[in-house]
Structure formats: structure tokens, C-alpha cells
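Structure first, then comments.
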Amino acid sequence: MPIHEQSLIRPENLKTHDKLVLDGVDVSGHWSTFIEPRVVTDYNEALQEEIAALPGGEHIHRCWQCGSCTNSCTVNAVNPDFNPRFWIYLIRMGMESELLRDKDIIWQCVSCNKCTYACPRDVFPEGVMKATAHWLELQGHTPKSKSTLFDEEFTEQVMATGKIEEGRIIRGFFAKTGQALMQDWLVEMAKRLARRLPIKLGFLMGWATIFRPRTRGWSRAGEAIEEYVHEQQAKQRKALSLE
Amino acid sequence: MNKYRKVAYYPGCALEGTAHAYNRSTKEVGKALGLELDEVKNWNCCGAMEVKNVDPKVQTYLSSRVMSIAANEMGADVVMAPCNGCYHNLKKAEHDLAQDAGSREVVERISQKAGHATYRAGQVETIHALDWIKHGLGEEGLKRKVKNSLKGLKVANYYGCMYTRPRHIFPEKDKGPGTESTSQPHFMDDLLEAAGAENVDFPLKTACCGGAHTLSDSDISTKLVLNILRAAEAAGADVIATECPTCHSGLEMHQVRAEKVFGEKTKVKMLYFTQLLGIALGLSPRKVGVHENVSDGIALLKDKELA
């Protein structure tokens, strides 16, 4: 029998036999693929609570596994291994080692909110994806993703000046992730802009930092935000027993 | 008087940077239509997706400060944000402040330390630039002002993610005739049709352009953008009308990237809907910043004898 969602089963647990007869029935070949039974013993019973302690993960307990999230998912359509419904299942079951098999792609959620729109239980799967990606980073299972580095660069600028300037963000992000600004396609885009608009190009390249936008009298707000963020981060580390 | 005819204007960071053309065309269209904009004084970033990912309640605070200034310092009833990200975040803050005591507490605390009045849910109504023109003037009023009909221009209307999702932060949508739909949005279609354009049947109106990871996961963004560009071309569109700076620059950047990195060339052009309306109102392409776009809208407008 064909196996639905075969991508969820590890290749080493799929068995086919060239010559196998059971009770007089020939079950050889691909048509008779077997799933190797196994016993899971390494549950992390705190997993759901830890995800729920991070922003976005609060409502994971509501999930009833209908699969609307995966069904509507933008990234799933590009990469079938990106499966929010399955990850929510693993987290709720405490199957940490299974979840870790996908640790390098969970951060790729594009926050299009199609899942949150479709979810009949208000799980807010988009938030759960963010909480899970942060959990992986906090626990040291993955390095900070490029997305997280971008978020941090952005937030630092907002806390400092109240506004962002895209040229600075892009340069700061490329520096943090060790990427070259002179990539072929960026150069091509710059060329097309330069044909009509040297000033905009200058802005993007950051030559206009002299006009760096900022909100007047921002320092008190910036400090209050920073204080709050540090407080929250300490709370989250405590909830994950990282203190 | 119609409360949408004079609104507090929150352009947001992108409209001061890469989306300068959207800012410019919005103001010019407002002028031409007799709709007034009063810029929110000394505004700050709404928090965007990035601050939300670091801490959602900080994003709520940032958006609440903008609404607080509009309400408490300018006495405004309505705040208009043309950027989908800003619009979405102000709506989300409004929802969270009405529904969640924890959010109210954090906003109160930071507002006090920052030294300004705390925003209370219900003080202002946040709208998008589409609502502003649709409710401030309407299609009939717009039709009367059209001097350079977009007749013969085939348009795919692209709304992106943040204008309709998730639905709980848009309680005014999906309320039947005359209101916006979260599954089949049509306000941009309505306005451009009134300006004479021929809207094509475009199935990816609310598809995602991958804007959240434009630079951090470029290959996925390029694939998602290519889907959108291809679908628009297959539907026969000359141009994709946009109403979000992140979508617009994502489509433009990844159109170039698809060509340079994957050798996938597409011809469809991108213009902000305000640029298209401006052209229809008889403004010059330069006035509405078409020369600031990456994709060559001027060649298209000339080809269609609109410029």
C-alpha cells in the first residue's frame, strides 16, 4: 500500500523486500513497503510548556491536528518538509528528538498568516513557529538564524532612534551575516536605478546617512523598551531553565 | 463632513526610504482629489514584523504611540497608513489593547516612562490608503476626476498578506456589500476600474511575496515572487498594482534576482496603485515618482499612450 505523508517517516524505517512471502502471499517489492516499528522513550514532558512560555507559543495547547495550517502554508508549497501541523504534534507529544530533525528549516516561516487565518482553534500557528524557532536558538540547538539577526539589527535601530533607515539595516544585516553587498543581482538592481535616479541609489547605498531619520526626544521611550525587553528575556530564560 | 476627507497621515519608515514614490504619489493623489492629509507629528516606527518577533508587546507599544499622538496631540479621529505593515500593526495594537489586559499594562508602563499619554483602544480608527479614497471619495467621485483614462491597461491587483490577515484584527471587513473582503479583496480593483483600467482575473491577490525574508532567505522569496509575476503574466496583465511598500520592493528586487540568479525573465511591471490613479488624474509620471521605481513603468505608460 502506498504510504501517505511518507516524508514523515525516516528512510531507515522504511523496508521493502526483494523476496518475502507471508502466509503464502508474496509481499515483495515497492508495493509492499513496511514501516519498521519502533519504541520512543526519550519524551521531553516539558516541551509544550517551554514553547508556550515564549511569545507566540501561548495557545499551542488548543491544537486538534486538523492540518489547516500545513494545508494553507506558503512555505510548505515550496518545501513539503515544512510542516507546522506535524511540529505542533511533536511538541505536544514531547518528541523533542523528532522535532530536532527539522531544526534548520523551522525559522523559514514567512509570517504570511495564512495558517492563523485558516486555524479553527485560534492556535496562532505563525506565533508557534516563531516561538519554536526561538526555543531552538535559546536551547543552543541552532545558531541564530539570518531572520533573527535581521530582527535584532532592526530592533536595535528602533530602540536607538525610534525609526529605521533601510540602507543602514541592509548594511548592518549584511555585515552581521558576512554577505557581500556586491552580489550580482544587487548590482544589477542598482544599475537599473542609477539610469533614472542616482539619488535613490545613493540613499540605498547609505550615502545619505547624514539625513538619518530619528524620532525627537526618543531616549526615554527607547530606554523603557530596552528595560522591558531585558526583563522579558530573563523571564524566558528562566522558564526554559537556562538560568 | 465625511470624516475620511481629512485624516492623520502615518507614512512610516519605508515611505521615507525605498518607497518614497508611494509617499509622493499618495500625497499628489490626495491633492488632486481634494482629500487632506495631516502628517502625524514626530512619529516613530510601528514595530514592523521584526520588533514583533523580538517581543510582540513592544510592537504594540510602538504602534500605540503613533495612535496616541494622532488622538491626544492632534485631535484626529482617523489615522491613515498606506503601508500594509504599518496598517496591520496599528490594527493589531488596537485589537490587543481592546482585548488583552497584559498588552494594556505594558503599553501603560512604557508610555508613562516615555512621558506621553497612554493610547486607549477606540480613540482613533486606523484605515489604509485604499479605504481613504474609497470612503473619502468613492468610485463615482473618482470617475468624475479622471482626465487620462487607463483604458486598455491590463492590471493585476496584488494585495499581499498584511492587508487581510489574520482576519480578527480587521473587524470591519467581511461585513457584506460595500465592505472589504478578506478572502477576495476588491477595493483596489474598484478604484482602478473607476480610473478606466481593465482588471485581469488574478488568482494570487493575497499570496505571499516572502517579504519577511527578502534578504534572509532570498531563494524562497524569489520563488514566491516568480509565482506571482508568472500568474500575473498568464492572466494577461501589463502591470501589477501594489499597495504595500514591502510587497512592491520585494516584487521589484526578486524580479531582478530571478533574472540574474535563476535566468528566469519576466516582463510585467510594478506600479503603486496611487501612481496609476495619479496618471489617470492627469498627473505626470515624474510627479507620481514612476522614475523612482526599479521596473520601467515609464516605457509601459508610453507604450499605452498614457504618458
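The values are calculated or read from the model by the stated rules, or taken from the named source; none is laboratory data. Computed from a prediction, not measured in an experiment: that's the story for all the values here. A quick note on method: Cβ atoms are made from the backbone with ideal geometry, for glycine too, and the neighbour counts reach across all protein chains shown. Protein only, heavy atoms only, side chains kept; ligands, DNA and RNA dropped before computing areas. Shrake-Rupley method; radii C 1.70, N 1.55, O 1.52, S 1.80 Å.
Note on the protein assembly as shown: antiparallel DSSP beta bridges, both residues inside, total approximately 15 percent of the bridges counted.
Please check: in the Gaussian network model of chain B (C-alpha springs, under 10 Å), which one of B:S68, B:S216, B:S149 has the largest mean-square fluctuation. Fluctuation is largest for B:S216. Under a model in which nothing but the beta-carbon of Lys, Arg (+1) and Asp, Glu (-1) is charged, chain B shows a dipole of about 380 debye around its Cα centre.
Think of it this way: in chain A, A:C63, A:C66, A:C73, A:C109, A:C119 stand alone, with no other Cys Cβ under 4.7 Å. Between region B:1-69 and region A:128-175, the C-alpha centres lie 23 angstrom from each other. For chain A, the longest principal axis of the Cα atoms and the long axis of helix A:219-239 meet at an angle of about 20 degrees.
Within region A:210-243, what residues put their amide N at less than 13 Å from the label point 7 Å along the Cα-to-Cβ vector of A:E137? Residues A:233 qualify, since their backbone N sits under 13 Å from the label point.
Heavy-atom accessible surface of the protein assembly as shown, averaged per residue, reaches 43 Å², computed with a 1.4 Å probe.
Rounded to whole numbers, the Karplus 3J(HN,Hα) couplings from phi for region A:117-133 are 5, 7, 5, x, 10, 6, 6, 6, x, 4, x, 5, 4, 5, 4, 5, 4 Hz, using 6.51 cos²θ - 1.76 cosθ + 1.60 with θ = phi - 60°, and x at Gly and Pro.
Close amide H contacts of B:V78 (hydrogens built in the peptide plane, cut-off under 5 Å, sequence separation of 5 or more or a different chain): B:A8, B:E125. Split the accessible area of the protein assembly as shown by element, probe 1.4 Å, and carbon with sulfur accounts for 50%.
The angle between the Cα long axis of helix A:166-176 and the longest principal axis of the Cα atoms of chain A comes to about 60 degrees, rounded to the nearest 10. Rounded to the nearest 10 degrees, what's the angle between the helix A:146-161 long axis and the longest principal axis of chain A, both from Cα atoms, 0 to 90? Between the helix axis and the principal axis of chain A, the angle is about 30 degrees.
Considering only chymotrypsin sites (Phe, Trp or Tyr not before Pro) in DSSP loops that have at most 15 other Cβ atoms within 10 Å, the longest stretch of chain A without any of them is A:65-206.
For the cross-link pairs B:K151/B:K269; A:K176/B:K113; B:K6/B:K113; B:K31/B:K147; B:K41/B:K269, which exceed 25 Å when the distance is taken from alpha carbon to alpha carbon? With Cα atoms farther than 25 Å apart: A:K176/B:K113; B:K6/B:K113; B:K41/B:K269. Between chain A and chain B, roughly 5600 Å² of accessible surface gets buried, counting both sides and using a 1.4 Å probe.
Relative to the isolated chain, which residues of region A:58-94 have their accessible area cut by 10 Å² or more in the presence of all protein chains (1.4 Å probe, heavy atoms, no ligands or nucleic acids)? Residues of region A:58-94 that lose at least 10 Å² of accessible area once the other chains are added: A:T74, A:V75, A:V78. Taking the helices alone, chain A has a mean residue ellipticity at 222 nm of -14500 deg cm²/dmol, built from -39,500 (n - 2.57) per DSSP H run of at least 4 residues and averaged over all its residues. Using a ≥ b ≥ c from the Cα gyration tensor of region B:147-303 (square roots of the eigenvalues), is it rounded, prolate or oblate, where a/c under 1.5 gives rounded and otherwise the larger of a/b and b/c decides, a/b for prolate? Verdict is oblate for region B:147-303. Seen from every direction in turn and averaged, the convex hull around the alpha carbons of the protein assembly as shown projects onto 28.0 nm².
For B:K265, go through the lysines and keep the ones whose alpha-carbon is under 22 Å away, minus same-chain ones fewer than eight residues off. Output for B:K265: A:K191, B:K154, B:K205, B:K223, B:K302, B:K304. Whole angstrom only: what separates the Cα centroid of region B:197-275 from the Cα centroid of region B:97-132? Result: 33 Å between the Cα centres.
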